[in-house]
1. What's the exposure ranking of Y121, Y27, Y129, Y191, going from fewest to most Cβ atoms within 10 Å?
2. Counting other C-beta atoms within 10 Å, which of K54, K167 has the fewest, and how do the rest follow?
3. Can you list residues whose amide H is under 5 Å from V113's amide H, if they're 5+ apart or on another chain and H is modeled 1.01 Å from N?
4. Mind checking which of G108, G120, T77 is farthest towards the positive end of region 42-131's charge dipole, using Cβ charges of +1 (Lys, Arg) and -1 (Asp, Glu) about the Cα centre?
5. Please turn the phi angles of region 114-121 into ³J(HN,Hα) values with the Karplus equation 6.51 cos²θ - 1.76 cosθ + 1.60 (θ = phi - 60°), one per residue in order, whole Hz, x for glycine and proline.
Amino acid sequence: MNTALTLKQASPGSERSSPAAVFPTRYLRFGMFQLDLHRQELLKNGTPVRVQGKVYQALVALLENPGAIVTREALRTRMWPSDTHVNYDANVNTTVNKLRQILGDTNGAPTFVETIPRKGYSFIARVEYADAVAATAVAGKAEPQEGIASFWSRAHASMFLGAERAKIWFTAGMIALLMAAILLGAAITLYWHRAF
């Protein structure tokens, strides 16, 4: 059951001014994405993804309470000060559409961000939290390996095993194809020799 969530814009000295103060850990993982709250960086399979400031703010707002409805008004209040003169509805729509585009999501078949008609948006994907991740070279920077979350190491192990299995099946398929070609060649040769 979704519950409506109204977020207040954080004042500079408040606890909500930093997303790190809201989340229990530094890293959030959903699907093939990882969000580093300290660096304010989104990674897709370990590769940095360029995210504009307003789009990042919308993502963080949705991730603060996955499954809850974040109202359009809450997003507007969070992303634009009250003295800003813009078309809020169009800007909220554009920002959420840009977020969907970055995540490879669609409004018709959402995986991450679902539109709740006449109310707002909800982050529907499973979110995992971790204090640290495996070392990843990103723009010449490496993260420390201490405190690696178990889900992260399991994901890397399953990717490695999946690649190894794929190599084995490919090799077996090629051998079977070669054996079939040899048998077909032998059958054709035998047929031609008996026919003449």
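1. In order of increasing Cβ crowding within 10 Å: Y191, Y129, Y27, Y121.
2. Values: K54 18, K167 10.
The fewest-first ordering by Cβ neighbours comes to K167, K54.
3. Counting only residues 5 or more places away or on other chains, the set is I124.
4. Final value for the positive-end residue is G108.
5. 9, 7, 9, x, 6, 10, x, 9
Read the figures in this text as sums done on the coordinates, not as results from a lab. All of these numbers come straight from a predicted model, not from anything done at the bench. All Cβ positions, glycine included, derive from the backbone under ideal geometry; neighbour counts span all protein chains shown.
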